[in-house]
Amino acid sequence: MVGITAYNAYVPRLRLDRNLIARAWGTPQAAGEIAVANYDEDALTMATEVGLACAPDSEAAAVDALYFASTSAPYREKQVASVVATACDLPRRAQTADFTGSVRAGMSALLAGVHAVRAGARNDVLIAAADARLAAPESEIEGLLGHAAAGLRIGSTAVLAEVIDAASVSEEFTHLWRTDDQKFVQAFPGKFSNTYGYARNLGEAIRALLAAQKLKPESIARLAVYSPDARAGIDLAKDLGFDPRRQLVSPAVSTIGSAGVADPLLALAAALDEATAGDWIVVGAYGEGADALLLRVTDELPRRRALYSWKRAVENKLPLASYEKYLKFRRVLDLDEPGDAVTNVLEFKELKQDIRLYGSRCDACDTVQFPITRVCIKCKQSGHVSDHKLRKQGTIFTFTVDHLVANLEHPLPMAVVDLDGGGRVYLQVTDFTEKEVGIGLPVMLTFRRLQDGGGNHNYFWKARPVR
Amino acid sequence: MKDQVAVIGVGCTKFGDRFETSYEELICEAAFDAYADAGITSEDIQAAYLGTYLPGPSGGKAAVSLGDALRLYDRPITRVENYCATGTDAFRNGCLAIASGAYDIVLVLGAEKLKDRGGRGLPRLGHPLLAKGNSAPGLFALAANRYMHTFKIGREMLAKVAVKNHYNGARNPKAHLRMEVTEEKVLNAPIIAWPFGLFDCCPTTDGAAAAIICRADLAKRFRSDYVLVKGFGLAVTSGRPYFDPTFDYLGFRSTQMAAQQAYKMAGISPKDVSFAEVHDCFTWTEITNTEDLGFCPKGQGGALAAEGRTSLSGDIPINPSGGLKSFGHPIGASGVRMIYECVKQLQGQGGERQVKNPQLGLAHNVGGPGAVSCVIILGHN
């Protein structure tokens, strides 16, 4: 049996009220909000969040492939999957690949994972789909695009939802696009694209899937589909003979904004959160054609529920104070943001320490320390220390909230964190409220974009309040 | 080492925003002030030690900048750099050179030109990832918050240090910030790095200070009221204490160890010290330093200031000069400037800020995140 063995949703904590956008441009009031990646988040860091949730430290060694999907990767040339795999401390032998080019890429990665495991070429594939797409200021889709990530693991043991079948349609149809020199996603508006692109392509794939399996819409517990706007998914479900109120799961677009490659996988995650054994789930992804996937939930699901459920991911939120902050955090405003040089040599030398997050443990006195050292900080002996993987939870030992230090977001809390299982680290704090920074408070470590230095993006760990 | 080295002259520039003055000019001001005080010329200098921390746009890249400024060529000149203990460490190195018998008369000079750097004065230092987000106030604030949490003291206690040091500095014509402040003003100032507000932090300052030292047995040729070096100590601890799981953040071991070395050399205990110039880059730093130097038990440094015992008329006056808080903190210059203050006080030339009948003065720097500390004890001949 091949299928999903783990799943998680990640939504950045910040929300931009659509009214703030409306106020900025003098357009009519708009209800709801969109999820916005924090200033230190991007598709890579969000993919790492779901990667770590799906393949925690105790299971990372088993994963033998990581497929990253995004249309908004932080690099145009450079694989992102390799960074996510390293931060998740996956083995070096794991195959890594990036899937991109279309909001269907998340499903493409998922299908590739399924095929690899079915073929016996891979045993345990981690899928990390994340998007933080930018819409042009004052464009129709500015209040529509949300940022989020979804993670899945594909395997053949402890399967919580078996992949039964899939159907695909490929068609050249330009609905959402971005040329290689554009910063903002373009969209051909409204009914034409939804009717002739979305509904026609995805409808065709889902009909083909149901026909091949001789299933009727009423047999399906959940229709989990990408939807370009709040209406299109409902119209499609009705058109296919589903009851949108009872069966449709298309939650991103109405709660956090259309989440790109993560969108259909978030719909799947939301469906799995509430599914019971035996449920049929149809997942639908769209973009230059469509893919539809048929799953059947097993009795393994209750044991493998998401660490980050969709509901929890959506509810854990902080409001962004202003539209201007959104422009700054997402680099719509081209601000000077100086960083220190991290050379390729430094990155190479310290990869295990800085990205895989290993410290040292003294075999003589058991002291766990960071950064990696040759001489124990406590017993001062050399030759007794070995590399030690640090845990990513801990407690704030002391802190400050710095208003002076140069940073995109002010003020900047810095914390000294005593990690569970040993080791003390000194980190920036992110995604915080004032009352969440103080001595004795529990935090988790999160992989974030620290700065741009040495001509590329520099990632490192930060602390965030436990969610 | 006790009583082998004498200070026969000291000099100091006006500290402050010296926008119209170059690094080299500051060096000259301090050096010629010290020459005059000692009654010597540059021809008498056999070796020199330059304490300077930040190679800046206007000089300080090596000992050469001291040689060029003073036209002090053909003699050994060494640059010393050891975080904020740079000045006192340069002095310590000068003492070692005299005591070794290599030289009879040595110039020690500390200089810094922070204002030429623009912006906040200090560049960001350290590992681009592991130290990202740190600042000098932020690093000391980490310790202050843990200390205040443990000993249950509030910002009011810190503010009392600022009030005292501004009071002293207002009486010092060479100080950078010559105004008194109220506790209310300190508490209501904008926050720099919690718990430090603007008036909990020393300013970034330009300045230079100098000392002429010689073999003690030669000192009376120059003046009768020379001052003797009684003891010194220097200790380093981790430059990354924030990663050290054994560090309690309640004080600085480097200060404790450097003080012990100095007291042992001088053959005294902390209660013998008449007054001290203590590193007060932040108000809390003075509180913890008075404890680490042994003037009161751990946790009671705040009360020491609050009870007025560290004021000019108290039993252990701390920072009669105004301290870094009010006098300013041009990093490499500060330690030598403290020597200057100690010598002037011991010679009874403290003016409005003169402490009563001092016998022993102590100068102390702590630098980096508590990573290095230097203590110098000076006394009457």
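The values are calculated or read from the model by the stated rules, or taken from the named source; none is laboratory data. A quick note: this is a predicted structure, and the numbers were derived from the prediction, not measured. Note: ideal-geometry Cβ built from the backbone for every residue, glycine included; neighbour counts use all protein chains shown. All accessible areas refer to the heavy atoms of the entire protein, side chains included, with ligands and DNA or RNA removed. Shrake-Rupley method; radii C 1.70, N 1.55, O 1.52, S 1.80 Å.
Of all residues in region B:97-152, which are within 19 Å of the chain's Cα centre (by Cα) and hydrophobic (A, V, I, L, M, F, W, C)?
B:107, B:108, B:109, B:111, B:114, B:122, B:136, B:139, B:140
Tell me whether region B:137-149 contains one or more residues that are open to solvent by 10 Å² or more (accessible area, probe 1.4 Å), on the phi > 0 side of the Ramachandran plot and either aromatic (Phe, Trp, Tyr) or outside any strand (DSSP E or B) (or both). Checking region B:137-149: not a single residue is open to solvent by 10 Å² or more (accessible area, probe 1.4 Å), on the phi > 0 side of the Ramachandran plot and either aromatic (Phe, Trp, Tyr) or outside any strand (DSSP E or B) (or both).
The listed residues are B:31, B:69, and the only one of them that is in contact with an Asp or Glu (Cβ under 6 Å, 6 or more places away or on another chain) and open to solvent by less than 30 Å² (accessible area, probe 1.4 Å) turns out to be B:69. Where helices (runs of 4 or more DSSP H) fall wholly inside region B:1-118, the ranges with 2 or more residues that are free of Cβ contacts under 8 Å to residues at least 60 places away in the same chain and closer than 27 Å to residue B:360 by Cβ are B:86-99. Evaluate region B:186-200: report whether one residue or more is free of Cβ contacts under 8 Å to residues at least 12 places away in the same chain, farther than 22 Å from residue B:341 by Cβ, more than 14 Å from chain A (Cβ to nearest Cβ) and among the small types (Gly, Ala, Ser). No, region B:186-200 contains no residue that is free of Cβ contacts under 8 Å to residues at least 12 places away in the same chain, farther than 22 Å from residue B:341 by Cβ, more than 14 Å from chain A (Cβ to nearest Cβ) and among the small types (Gly, Ala, Ser).
The listed residues are B:146, B:155, B:171, and the only one of them that is charged (D, E, K, R), touching a strand residue (DSSP E or B) at 6+ places or on another chain (Cβ under 6 Å) and in contact (Cβ under 8 Å) with a residue 24 or more places away in the chain turns out to be B:146.
As a summary of the residue check, residue A:360 satisfies the conditions (1) part of a loop (DSSP other than H, G, I, E, B); (2) farther than 24 Å from residue A:449 by Cα; (3) more than 9 Å from chain B (Cβ to nearest Cβ) except for the one numbered (1). For region B:276-291, a residue qualifies if it is among the acidic types (Asp, Glu) and either closer than 19 Å to residue B:353 by Cβ or not in a helix (DSSP H, G or I) (or both), and the qualifying residues are B:277, B:280, B:286. Screening region B:108-135 for residues that are more than 9 Å from chain A (Cβ to nearest Cβ) and among the hydrophobic types (A, V, I, L, M, F, W, C) and picking the one that is surrounded by the fewest Cβ atoms within 10 Å (Cβ to Cβ) gives B:125.
Exactly one residue out of A:443, A:437 is surrounded by 23 or more Cβ atoms within 10 Å (Cβ to Cβ) and modelled with pLDDT of 95 or more: that is A:443. Restricted to region A:419-434, and to residues that are among the acidic types (Asp, Glu) and open to solvent by 50 Å² or more (accessible area, probe 1.4 Å), which residue is farthest from the other protein chains (Cβ to nearest Cβ)? Across region A:419-434, the extreme among qualifying residues is A:420. Selection of region A:278-328 for residues being closer than 30 Å to residue A:209 by Cα, in contact (Cβ under 8 Å) with a residue 60 or more places away in the chain, open to solvent by 10 Å² or more (accessible area, probe 1.4 Å) and part of a helix (DSSP H, G or I) yields A:303, A:304, A:310. Within the option set A:230, A:208, A:224, A:270, being in contact with a Ser or Thr (Cβ under 9 Å, 6 or more places away or on another chain), under 23 Å from residue A:36 (Cα atoms) and surrounded by fewer than 24 Cβ atoms within 10 Å (Cβ to Cβ) holds for one residue only, A:230.
Residue B:222 fulfils the conditions (1) away from every other protein chain (no Cβ under 14 Å); (2) crowded, with 21+ Cβ neighbours inside 10 Å; (3) in contact with a helix residue (DSSP H, G or I) (Cβ under 6 Å, 6 or more places away or on another chain) except for a single criterion, (2).
Conditions tested, residue by residue: (1) within 14 Å of residue A:130 (Cα to Cα); (2) open to solvent by 20 Å² or more (accessible area, probe 1.4 Å); (3) not in a loop (DSSP other than H, G, I, E, B).
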| position | (1), (2), (3) |
| --- | --- |
| A:31 | no, yes, no |
| A:35 | yes, no, yes |
| A:41 | yes, no, no |
| A:48 | yes, no, yes |
| A:67 | yes, no, yes |
| A:75 | yes, yes, no |
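Filter region B:150-185 down to residues that are open to solvent by 10 Å² or more (accessible area, probe 1.4 Å) and of a type in the set (Gly, Ala, Ser), then give me how many there are. The qualifying residues number 2.
Elements of the type strands (runs of 3 or more DSSP E) sitting completely within region A:381-467 and holding at least 1 residues that are farther than 20 Å from residue A:37 by Cβ and in contact with a Cys (Cβ under 9 Å, 6 or more places away or on another chain): these cover A:385-389.
Candidates B:332, B:370: the one that is surrounded by 24 or more Cβ atoms within 10 Å (Cβ to Cβ) and at pLDDT below 95 is B:370.
Applying the set (1) among the β-branched types (Val, Ile, Thr); (2) open to solvent by less than 30 Å² (accessible area, probe 1.4 Å); (3) without any contact (Cβ under 8 Å) to a residue 40 or more places away in the chain to residue A:396 leaves exactly one unmet item: (3). Looking only at residues in region A:140-154 that are assigned to a loop (DSSP other than H, G, I, E, B) and of a type in the set (D, E, K, R), the one that is farthest from the chain's Cα centre (by Cα) is A:140. Evaluated against (1) within 14 Å of chain A (Cβ to nearest Cβ); (2) open to solvent by less than 20 Å² (accessible area, probe 1.4 Å), residue B:105 falls short on exactly one condition, (1). Among the residues of region A:369-412, those that are facing chain B (nearest Cβ under 7 Å), more than 14 Å from residue B:242 (Cα to Cα), hydrophobic (A, V, I, L, M, F, W, C) and touching a Leu at 6+ places or on another chain (Cβ under 8 Å) comprise A:401, A:405.
Scanning region B:182-210 for residues that are within 22 Å of the chain's Cα centre (by Cα) and in a loop (DSSP other than H, G, I, E, B) yields B:202, B:203, B:204, B:205.
Residue count for region B:255-300 under the criterion of being touching a His at 6+ places or on another chain (Cβ under 9 Å), of a type outside the set (Asp, Glu) and within 21 Å of residue B:321 (Cα to Cα): the result is 9. Annotation note: Cβ proximity below 6 Å between a residue of region B:237-253 that is in contact (Cβ under 8 Å) with a residue 24 or more places away in the chain and more than 7 Å from chain A (Cβ to nearest Cβ) and a residue that is open to solvent by 30 Å² or more (accessible area, probe 1.4 Å) and basic (Lys, Arg) (sequence gap 6+ or interchain) occurs for B:237/B:253.
Within region B:284-298, the set of residues being of a type in the set (A, V, I, L, M, F, W, C) and open to solvent by less than 10 Å² (accessible area, probe 1.4 Å) comprises B:284, B:287, B:293.
Residue-by-condition table, conditions (1) more than 18 Å from residue A:269 (Cα to Cα); (2) not hydroxyl-bearing (Ser, Thr, Tyr):
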| residue | (1), (2) |
| --- | --- |
| A:154 | no, yes |
| A:159 | no, yes |
| A:180 | yes, yes |
| A:186 | yes, yes |
| A:189 | yes, yes |
| A:193 | yes, no |
| A:213 | yes, yes |
